[in-house]
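Have a look at the structure below before the remarks.
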Amino acid sequence: MISNLIIYTCVLFRFIIYLRKLKKVSDYTLPPNSDWDIIIIGGGATGLGTALDAVTRGLKTLLVEQSDFAKGTSSRSTKLVHGGVRYLAQGDIGLVKRGLKERGLLQLNANHLVNKESFIIPCYDWFSVAKYLTGLTLYDWLAGKFSFGKSKFFSKNETLKLMPGIKSKGLKGSVKYYDGKFDDARLAINIAQTAIEQGAKLCNYTKVTNLIKNNNGDIIGVEVIDTLSGKLAKAEAKVVINATGVFVDDILLMNNPQSKKLVRPSQGVHVVLDKSFLKTDLALMIPKTSDGRVLFAVPWHDHLLVGTTDTPLDEHALEPRALKEEVDFILNTASSYFERAPIEKDILSVFSGLRPLAAPTNGDKNSTKEISRDHKLIVSAKGLITITGGKWTTYRSMAEETIDLAISHAQLKATACRTHQLKIHGCSDFKENHHLDLYGSDREAIEKLATELPQFNQKLHPDFPDLEIQVLWAAKYEMAKTVEDVLSRRLRILFIDALAAKAMAPKVAAILATELQQDQDWEREQVSAFNNLADGYIYAPQLPNKK
């Protein structure tokens with residue numbers, strides 16, 4: 001009896017210590033007039049990675065994000081951690097090799113979110129079999145010690161067993177290869193938590209309104225506004241880093257109203273279908289569509305994610321909308337490979353993301369094929385560094401290069417990069433196909449909190465395993481401040497099934513209102529705002545085209 005009491009007391013004590021290490025939302029407000037070594041503008045993959053790299057080198061680091069972390073491009077990817085088979089076909093060996101190395105490091109450092117995935121390339125002629133098997137063998141070789149497995153040919157019958165939903169007419173066989181799959185927004189939140197644990201200050205819903213200059217015209221800081229409270233603040237630093245993705249030109253214009261555009265946004269659209277369209281846990285890669293691009297169908301959160309498009313745009317927005325022709329392209333392409341052709345009413349959610357591609361200096365401005373997929377890193381002005389482009393997989397190496405430049409540019413005293421082997425918050429080997437596995441090492445604490453607060457053990461929706469306690473956890477320890485933060489980027493429901501997300505919104509708003517000490521008017525406004533947002537994820541062909 002006494003021994004059991006001692007064990008229980010020790011477990012409880014460890015749990016209390018664990019929770020004290022986690023930060024609450026109230027800790028993420030910017031104090032007025034503060035000084036830093038590095039200020040990073042932008043809370044997507046690049047900005048968060050840069051903050052983590054900076055703080056682990058001993059630099060006093062601040063990051064500000066105008067909305068929620070990963071609100072833009074970084075939550076809207078195809079969910080692949082990869083070297084880029086497409087870039088291999090284009091001959092960009094260096095880009096592919098770097099990506100494969102970073103894929104391996106990311107799988108080691110965030111293995112609760114990054115998983116190996118088997119991809120099938122169906123082949124309807126023998127030339128394709130030879131071409132893809134040769135190319136993917138090179139892809140495996142470039143990965144070196146970080147290889148996820150060897151590519152292999154499968155016969156027609158073997159292919160149909162592996163992927164029962166694939167179209168069989170004319171099928172010669174398939175090539176199977178391995179790459180990585182992950183949850184992008186969840187990884188962004190975990191990187192943010194890691195940076196905070198290392199000593200960085202991160203503030204979401206904090207928008208830069210102006211750059212501060214000294215008498216020589218050097219950039220020495222930023223002016224910001226808390227978009228939720230309206231409070232203003234200033235922060236000064238030795239270096240300001242512009243890591244705002246498709247919004248980099250907005251920051252550059254603050255410095256120089258005459259500056260030329262650095263990026264050209266390209267829109268990628270994804271549709272989400274029921275998993276029954278491909279009765280398999282394997283992913284499908286369509287290597288050449290009607291316009292010469294690549295399309296993926298990836299099992300994700302017990303659904304099927306299909307995309308992406310690559311449409312050049314002249315505008316950027318936090319909530320880009322899919323064009324009808326993009327959705328038609330995805331459905332038509334999928335219909336050429338699925339036994340059961342998906343139609344508009346099968347779409348559970350449709351979402352768009354904007355890639356910040358380097359703006360072309362000449363040639364066809366409506367083509368994205370010749371625009372660099374690699375990142376661009378420049379000193380935009382004395383005290384201002386801009387990083388843009390690249391992809392999720394290489395966020396860590398991009399951050400390392402950015403801080404190397406910042407240290408050199410501002411003569412900062414810092415240690416060498418430490419992120420190659422730094423474990424991301426939540427990293428855990430333990431998995432048992434449970435919906436809380438994506439929390440990694442936090443799962444035990446969430447389950448313990450659920451035991452302490454049994455009133456939050458109800459499901460948010462009968463068709464999903466997510467519990468009310470996850471909403472409370474998101475508000476307490478994952479910096480969620482709105483219903484959208486929870487249902488879009490903490491639980492991912494909006495990206496999976498928009499109608500289900502709308503049904504969950506009232507419960508989520510009620511829990512957040514209590515935890516964040518808000519009134520019923522706030523609660524109603526949150527539900528209304530989220531419903532309006534979610535309507536944009538429910539496919540409606542009559543949506544106006546915005547180019």
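Taken together, the values in this text are just the output of simple stated rules run on the coordinates, not laboratory data. Small disclaimer: the values here were computed from a predicted structure and weren't measured. Cβ sites come from the backbone with ideal geometry, for glycine too, and all protein chains shown count toward neighbours.
For the reader, a short list of remarks on this structure follows.
- The magnitude of the dipole of the chain, with charges of +1 and -1 set on the Cβ of Lys/Arg and Asp/Glu and taken from the Cα centre, is near 1460 debye.
- Treating r as the C-beta distance of GLN90 and LYS161 and R0 as 22 Å, the FRET efficiency rounds to 0.10.
- With Rh defined as the Kirkwood radius, the inverse of the mean 1/r over Cα pairs, the Rg/Rh of region 159-271 is 1.20.
- Convex hull volume per residue, computed on the Cα atoms of region 231-337, equals 187 Å³.
- Counting DSSP beta bridges with both ends in the chain, the antiparallel % (nearest 5): 75
- With a Förster radius of 30 Å applied to the beta-carbon distance between ASP404 and ASN115, the computed FRET efficiency rounds to 0.50.
- Prolate/oblate/rounded call for region 358-509, Cα gyration tensor, a/c under 1.5 rounded: prolate
- Taking Cβ atoms as reference points and 12 Å as the exclusive limit, the residues near SER74 contribute a net charge of +3, counting Lys and Arg as +1 and Asp and Glu as -1.
- Once the chain from VAL294 to LYS275 is taken as fully extended at 0.36 nm per residue, the excess over their C-alpha distance is 4.8 nm.
- Sites THR137 and LYS448 - FRET efficiency at Förster radius 60 Å, r taken between beta-carbons, to 0.05: 0.80
- When the Cα gyration tensor is reduced to axis lengths a ≥ b ≥ c, the ratio a/c is 1.5 or higher for region 402-467, and with a/b above b/c it is classed as prolate.
- Partners of LYS423 within straight-line reach, counting aspartates and glutamates whose Cα lies under 16 Å from its Cα and excluding those fewer than 8 residues away in the same chain: ASP53, GLU102, GLU197, GLU400, ASP442.
- Each of LEU512, LEU95 has some number of other Cβ atoms within 10 Å of its Cβ, and from fewest to most they run LEU95, LEU512.
- Legend: helices of the chain (whole DSSP H runs) are marked when their alpha-carbon atoms reach 20 angstrom or more along the helix axis and their mean Kyte-Doolittle hydropathy is at least 1.0; marked are 2-21, 498-515.
- Hypothetical label at VAL379: residues of region 203-232 whose amide nitrogen lies under 15 Å (7 Å Cα-Cβ projection): 217-220
- Potential lengthening of the chain between SER336 and GLU525 amounts to 63.7 nm, from the contour at 0.36 nm per residue minus the alpha-carbon distance.
- Looking at region 187-264, the trypsin sites (Lys or Arg not before Pro) that sit in a DSSP loop and have at most 15 other Cβ atoms within 10 Å of their own Cβ are LYS231, LYS260, LYS261.
- Close amide-amide hydrogen proximity is noted between LYS382 and ILE219, each under 5 Å apart and 5 or more residues distant or on a separate chain (H modeled in the peptide plane; Pro and chain starts excluded).
- Overall form of region 49-91 per C-alpha gyration tensor (a/c, 1.5; a/b vs b/c): oblate
- By the count of neighbouring beta-carbon atoms within 10 Å, fewest first, LEU354, LEU262 end up ordered LEU262, LEU354.
- Karplus-based coupling profile of region 218-225, in residue order and whole Hz: 6, 7, 10, x, 9, 9, 9, 10, with θ = phi - 60° in 6.51 cos²θ - 1.76 cosθ + 1.60 and x standing for Gly or Pro.
- Gyration tensor (Cα) of region 437-487, equivalent ellipsoid semi-axes in angstrom: 15, 14, 11
- Region 457-547: mean projected area of Cα convex hull, nm²: 6.6
- Length gained when the stretch THR227-TRP126 is fully extended (0.36 nm per residue, less Cα-Cα span): 30.6 nm
- Among [x] 40.9; [y] 31.9; [z] 27.1, the entry derived from the coordinates for mean projected area of the Cα convex hull in nm²: [z]
- Amide H partners (placed H, <5 Å) of VAL81, local residues excluded: GLY180, LYS181, PHE182
- Long-range tail of P(r) for region 85-162 (Cα pairs > 19 Å, %): 43
- Net charge in the neighbourhood of HIS461 (other residues with Cβ under 12 Å of its Cβ; Lys, Arg +1, Asp, Glu -1) is -1.
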